[in-house]
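> My structure is below; once you've seen it, I'll send some questions.
We did not get these values from a lab; they are worked out from the coordinates using the rules stated. All figures in this text were calculated on a predicted structure; none of them were measured in a lab. Virtual Cβ from ideal backbone geometry, glycine too; neighbours counted across all protein chains shown.
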Amino acid sequence: MATEIKKALVIGGGVAGPVTAMALQQAGIEAGVHEAYTETATGVGAALGLAPNGLAALDVIGTGDLVRRLGDPMDAIVLQSWNGKQLASFGSPGRLEPTRLVMRSDLYQALYAEALRRGIRIEHGKRLIGVTQTADSVTAEFADGSTATGDLLIGADGIRSTVRGLIDPAAPQPRYAGLQGFGSMNAQAGLVPDTGGKMYMTFGKRAFFGLQVINGSAVWFVNLPWAEPLTQAEAVARGAERWLKELATACAGDRTPAAELIRRTDPAQLLITGPMENMPAVPQWSRDRMVLVGDSAHAPSSSSGQGASLAIESAVELARCLRDLPLRQALARYEELRRPRVERIIKAAERTNSNKAAGPVARVLRDALMPLGMKLISPEKMAWQFEHRIDWSAPAAATATA
Ligand SMILES: Cc1cc2nc3c(=O)[nH]c(=O)nc-3n(C[C@H](O)[C@H](O)[C@H](O)COP(=O)(O)OP(=O)(O)OC[C@H]3O[C@@H](n4cnc5c(N)ncnc54)[C@H](O)[C@@H]3O)c2cc1C
């Protein structure tokens, strides 16, 4: 039996929001996006990796190539120790396309513009604060006093989701992972050698540093262990100059170009991306006429390199389930399809975060054991993350195991 959902209210205009709306439109369901901010997210955030599985999910709604054009391939990630010793090297298995490194704001803008081009309504200044439900409708209440009514409300409102708390007031909150994030993209021609399409990531003595040179520009990031759980606003308020000094000191003892690159960074070019967080498993993804998608339901730490890709997959899968099944069954099937996969990836990223925040003793152990561990984690053993595909033409009911 096909869905009875005709109109969905999508809360949040980040990555999952526009993708959900486009996938719903493709499934024959009208969807409008309601975004809290009054403007588009120009210049927000650093670079992120879109994995082959995320690109394939975008292909389902015809936006894969649009996003591929935005980014540069990241053929492999090379992990090294502070002294330059290679600990591991891995990438997508050779039969798959590489991960693409895109600027987070470019991704937001491209998906946003494409959704608008497809006739999807995106309203700004609509911060959801509450909902009321009847037996056959749900009404979103916004901070500006306005409301919107539909058959289903989809919380694509990110890691600090309001919808999550409306579904389950006891829902968990993100936990600080003990690291603050920073990044920059500077024209540094000549200062650092080309990285040959690879991202070099270093477990430094005091900080974790990533670098890829793209078209002569050094794209770099630092995860700095920091005991105080500052919010992003608090981290920004501390000032870029102070952070640059802190970062240069933290990276000074490592045999990488980090300290030099940081010293030459114009404070205006420093992206302060804020606290890195681990999101505990969210026990309840849906209730009545509300459901979560993307970071609101499952936010792997950025260490996974999978946050955006998983958000996109879930958006497409939710639309497929809603297309083919009555509401209650659609939401149950959606969760059944998605939960095991996303939770497995989240767990793996948590382990990476504890490696990054390792103290001196744990660091020595990590450096000794990681090459052995990495032999066990060959690209083939990680292939399940990257090979995941959604068969849009298959009816969701036909894939049900429950
Ligand atoms: C520093 C950093 C690096 C990252 N690196 C990677 C990476 O390499 N690879 C990767 O795949 N992922 C990465 N990620 C994660 C990735 O950015 C997220 O997983 C992805 O953006 C999730 O999309 P989303 O739409 O669920 O949430 P978001 O992109 O956060 O969008 C949520 C939207 O909802 C809006 N909103 C919030 N509350 C409300 C409300 N009450 N009412 C209305 N609107 C609301 C917000 O304004 C926002 O626009 C990284 C994240 C960070 C912070």
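> What full-extension length gain, to one decimal in nm, is calculated for THR249 and TYR37 as 0.36 nm per residue of separation minus the Cα-Cα distance?
72.7 nm
> Could you put LYS245, LYS126 in order, starting from the residue whose Cβ has the fewest other Cβ atoms within 10 Å? Mind showing how you got there, number by number?
Numbers: LYS245 13, LYS126 24.
Result, fewest neighbours first: LYS245, LYS126.
> What are the ³J(HN,Hα) values, in whole Hz, obtained from phi via the Karplus relation 6.51 cos²θ - 1.76 cosθ + 1.60 with θ = phi - 60°, for each residue of region 280-297 in sequence order, with x given for Gly and Pro?
x, 4, 8, x, 10, 8, 8, 8, 6, 10, 10, 8, 9, 8, x, 4, 4, 9
> Could you pull out every residue, at least 5 positions away or on a different chain, whose amide H is within less than 5 Å of the one on MET290? Hs are placed 1.01 Å off N in the peptide plane, and Pro or chain starts have none.
HN-HN under 5 Å from MET290: LEU153.
> Find the relative contact order for the chain and round it to a whole percent, using C-alpha pairs within less than 8 Å whose residues are 6+ positions apart. Mind showing how you got there, number by number?
On the way: 839 pairs, mean separation 92.4, N = 402.
That works out to 23 percent.
> Which cross-chain or sequence-distant (5 or more) residues have an amide H under 5 Å from the amide H of ILE122, H modelled 1.01 Å from N in plane?
Hits under the 5 Å cutoff: VAL33.
> To continue, here is another question. List the pair-distance distribution P(r) of region 172-323, using every Cα-Cα distance, as the percent of pairs falling in each 10 Å bin from 0 up to the bin containing the longest distance, rounded to whole percents.
Whole-percent P(r) values from 0 Å outward: 10, 34, 29, 18, 8, 1.
> Counting GluC sites (Glu not before Pro) as exposed when in a DSSP loop with at most 16 other beta carbons within 10 Å, what is the longest stretch of the chain free of them?
Longest gap between qualifying sites, sites excluded: 40-402.
> I'd like the Karplus ³J(HN,Hα) series for region 93-104: coefficients 6.51, -1.76, 1.60, θ = phi - 60°, whole numbers in Hz, and an x wherever there's a Gly or Pro.
Running phi through 6.51 cos²θ - 1.76 cosθ + 1.60 with θ = phi - 60° gives x, x, 6, 9, 5, x, 4, 10, 8, 10, 6, 4 Hz.
> Go ahead and estimate [θ] at 222 nm for the chain from helices alone: -39,500 (n - 2.57) per DSSP H run with n ≥ 4, summed, over the residue count, rounded to 500. It would help to have the intermediate numbers written out before the result.
Details: 12 runs with 143 residues, N = 402.
So the calculated ellipticity at 222 nm is -11000 deg cm²/dmol.
> Ok, one more. What residue among GLY204, GLY158, GLY183 has its Cα farthest toward the positive end of the dipole of region 135-228, where the charges are +1 on Lys, Arg and -1 on Asp, Glu, each on the Cβ?
With unit charges placed on the Cβ atoms, the residue in question is GLY204.
> In nm², what is the average projected area of the convex hull enclosing the Cα atoms of the chain?
Values: hull surface 76.7 nm².
Directional mean of the projected Cα hull area for the chain stands at 19.2 nm².
> A further question on this structure: Taking the Cα centre of region 70-164 as the origin and placing charges on Cβ (Lys, Arg +1; Asp, Glu -1), which of ILE120, SER105, VAL131 is farthest toward the positive end of the dipole?
The listed residue farthest towards the positive side: SER105.
> Shifting gears a bit: Evaluate the Debye formula for region 233-350 with equal point scatterers sitting on the alpha carbons, no solvent, and hand back log10 of I(q)/I(0) at q = 0.21 Å⁻¹, in q order, two decimals.
-1.08
> Over the alpha-carbon set of region 99-223, divide Rg by the Kirkwood Rh and report the Rg/Rh ratio to two decimals.
Details: Rg = 21.0 Å, Rh = 18.8 Å.
Using Cα coordinates only, the ratio equals 1.12.
> Work out how much length SER217 to ALA143 would gain on full extension: take 0.36 nm times their residue separation and subtract the Cα-Cα distance, in nm to one decimal.
Values: separation 74, 0.36 × 74 = 26.64 nm, distance 4.17 nm.
Extra length from SER217 to ALA143 when fully extended: 22.5 nm.
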